[in-house]
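Written below as structure tokens is the structure these notes are about.
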Amino acid sequence: MAIFSSFLNNGKGNGSRRSDKDKPLTFQDRMGALRNLPQFFRLVWQTSPPMFVGNIILRIVRSALPVLMLYLGKLIIDEIVQVTQLPAPRDLSYLWQLVGLELVLAIVSDALSRAIALLDSLLGDLFANQTSIQLMEHAAKLDLDQFEDSTFYDKLERARQQTLGRTVLLAQVLGQVQDMITMVFLATGLVVFNPWLILLLVLAVVPAFLGEAHFNEKSYSLVHGWTPERRELDYLRYTGASDETAKEVKIFGLSNFLTDRYRSLSTQYYHANKKLAVKRASWGSLFAAIGSAGYYGAYVFIIWQTVSGSITLGSLTFMAGSFRQLRALLESMLNRFVSVSQGALYLRDLFDFFEIQPKINSPQKTRAFPRPIKHGFVFEDVGFKYTNSDKWANRHLSFHLRAGEKLALVGENGAGKTTLVKLLARLYDPTEGRILLDGYDLREYDLTELRQEIGVIFQDFVKFQMTASNNIAVGRIADKENKNRIEHSAHQSLADTVIDRLPGKYEQVLGRRFAKGVELSGGEWQKIALGRAYMRDAQVLILDEPTAALDARAEYEVFQRFADLTKGKTAVLISHRFSTVRMADRILVLENGELLEIGSHENLLANDGRYAELFRLQARGYQ
């Protein structure tokens, strides 16, 4: 709804958020983000301790090779100069030994680099898999109303993004350590010859580092601040080109509407990003020129020392190579520090999501769930309103749902029927009042046991892009291998009449997301969903518009089985069809979230209230 609201506003009303987007990140923010790294490394360690340790050891060994190869280069140049000054025949054995040793180090260096890259890649895959699993497991623990909050969805979207590619951060941090060790060796060699070169090197590199740090902060602020709009862009792309929306887009002529909104929003983001990119490129060129000037200043100084005879030609090679590599390493480290701190900032999004805790939990000391339920459910002045909403979805609900009773909920759209059954299943906890089960507060029972004893088929049930067998088995997923139970459930819900016509029968993939998948009609999907209710075999059944998409014959056949499905069970039925409602023992009429009247079909007709009015209106439509 938030997305369609933004469509109607056509991008207006977002000014209050722009100030947050443009707020720059401080150096303290960036340094503070590094506190996320220990937690990150704990996760990587848990992924694979042997790979993690092996990666570190290989990097330490690899860090010592550059200075050894430069020093060998110095010895080779000095040996060549010395040998060329000797009369023939010349002894070249020592020279070839040095060249051979350099070749060995080059081969070892390449092998180590490839081994490190391999470990980085494998660790990356394992870490992505592990954190994705943890994200799904944690999401399953969170409350339903949290998923209905747009702010939560922004956090979830950013957390999803962090499950992939985060081991780049591992390679960057370990690369920092590796380069730091290499720099110590190289810097030691330069200091021996002339310590002023180190100072010149730092002065040449620092401006570029500060520039990169500044523009990376701006880039993070832009990406982070535009999360809602980027989600909307993804939604628009999907809605404008999807098999699920194609009919409405065509019949209502929505293509221009969707593309115009996408064009407007994407253009805003493009211009914001373009402005930042141009500034970054311009200042980056200036800072790069300063760095080059510093490097060539040092290079001229080294050449002058060589020409004046202060150092040998080999020392020139060593110092020039060391200075060049030091400059590259220092620039890489400083820029990588910006990337590391930025990666740590993004990593915070993942940890923030994991820190979100559900409000609906099992108590430390739980009460055993009654088997069977003896007295039923009692609503005592129950009220509920959604987060960030001033409107009550339900209010002042007081009634008794007896054990084994079939209760129908009737009311216009938005009357609070679905919210009531979600309270019954403890998908929500009451904002006020309480719900009792056999005389005890529903919150005293174990949450898992409670939901195992409640089977719910919502009107907007999920059409899982899985096999027909698994689509029914989700009603009791522990029995997904029990073919007899699945087939019996399908027979009871008439889903077998659909499955028997499928090419792959029970192993046929439903939906068109995957290859060879078969799409079903709305009524066919509903029979599959009803099969889940039979599969559940719970003490309490909640059916939200169970026959809404069925034709008259299929509806009649389903109702013939309905008595068998609910036999000995407590059932709550939501339906707009009074032919369905009449099967209930009692009918509860809701209006604006409150209980208006309750009683049997005959009693409510005799009362001549809202139920009687709605019944006559619907009956008139069939005359």
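The values are calculated or read from the model by the stated rules, or taken from the named source; none is laboratory data. Because the structure is a prediction, the values reported are computed rather than measured. Neighbour counts run over all protein chains shown; Cβ positions are idealised from the backbone, glycine included.
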For region 472-506, how many residues are closer than 12 Å to GLU524 by Cα and surrounded by 15 or more Cβ atoms within 10 Å (Cβ to Cβ)? 8
For SER493: the one exception among (1) over 27 Å from ARG395 (Cβ atoms); (2) more than 32 Å from the chain's Cα centre (by Cα); (3) at pLDDT 90 or above: (3)
Of the residues GLU217, GLU232, which is in contact with a helix residue (DSSP H, G or I) (Cβ under 8 Å, 6 or more places away or on another chain) and modelled with pLDDT under 70? GLU217
With a cut-off of at least 3 residues that are within 20 Å of SER113 (Cα to Cα), name the helices (runs of 4 or more DSSP H) lying wholly within region 36-100. 49-63, 65-84
Any idea how many residues of region 452-482 are without any contact (Cβ under 8 Å) to a residue 40 or more places away in the chain and small (Gly, Ala, Ser)? 2
Restricting to region 474-530, give me the number of residues that are in a helix (DSSP H, G or I) and of a type in the set (D, E, K, R). 10
Residues that are of a type in the set (Ser, Thr, Tyr) and touching a helix residue (DSSP H, G or I) at 6+ places or on another chain (Cβ under 8 Å), drawn from region 412-442: TYR428
Which of the following residues is touching a Lys or Arg at 6+ places or on another chain (Cβ under 9 Å) and not hydrophobic (A, V, I, L, M, F, W, C): GLY343, GLY309? GLY343
Among the residues of region 351-363, is there at least one that is crowded, with 16+ Cβ neighbours inside 10 Å, within 20 Å of ILE454 (Cβ to Cβ) and aromatic (Phe, Trp, Tyr)? no
Which residue out of SER242, SER292 is outside any helix (DSSP H, G or I), under 43 Å from the mean Cα position of the chain (by Cα) and at negative phi? SER242
Taking the criterion of being surrounded by fewer than 18 Cβ atoms within 10 Å (Cβ to Cβ), touching a residue at least 24 places away in the same chain (Cβ under 8 Å), charged (D, E, K, R) and touching a strand residue (DSSP E or B) at 6+ places or on another chain (Cβ under 9 Å), would at least one residue in region 416-425 satisfy it? no
If you go through region 604-620 one residue at a time, do you hit one that is in contact with a Gly (Cβ under 7 Å, 6 or more places away or on another chain), modelled with pLDDT of 80 or more and outside any helix (DSSP H, G or I)? no
Run down LEU407, LEU330 and say which single residue is crowded, with 18+ Cβ neighbours inside 10 Å and in a strand (DSSP E or B). LEU407
Give region 561-603 a look and list any residue that's polar (S, T, N, Q), at pLDDT 85 or above and closer than 14 Å to GLY404 by Cβ, or say none. THR570
Considering only residues that are touching a Pro at 6+ places or on another chain (Cβ under 9 Å) and crowded, with 17+ Cβ neighbours inside 10 Å, which ones fall in region 257-289? PHE287
Against the condition surrounded by 18 or more Cβ atoms within 10 Å (Cβ to Cβ), not in a strand (DSSP E or B) and not assigned by TED's automatic domain parsing to the domain that holds ALA533, how does TYR428 come out, does it pass? yes
In region 124-143, what residues are over 10 Å from the mean Cα position of the chain (by Cα) and among the small types (Gly, Ala, Ser)? GLY124, ALA128, ALA140
Can you pull out the residues in region 403-443 that are of a type in the set (Asp, Glu) and under 30 Å from GLN618 (Cα atoms)? GLU405, GLU412
So is ALA320 surrounded by 14 or more Cβ atoms within 10 Å (Cβ to Cβ) and not assigned by TED's automatic domain parsing to the domain that holds GLN178 or not? no
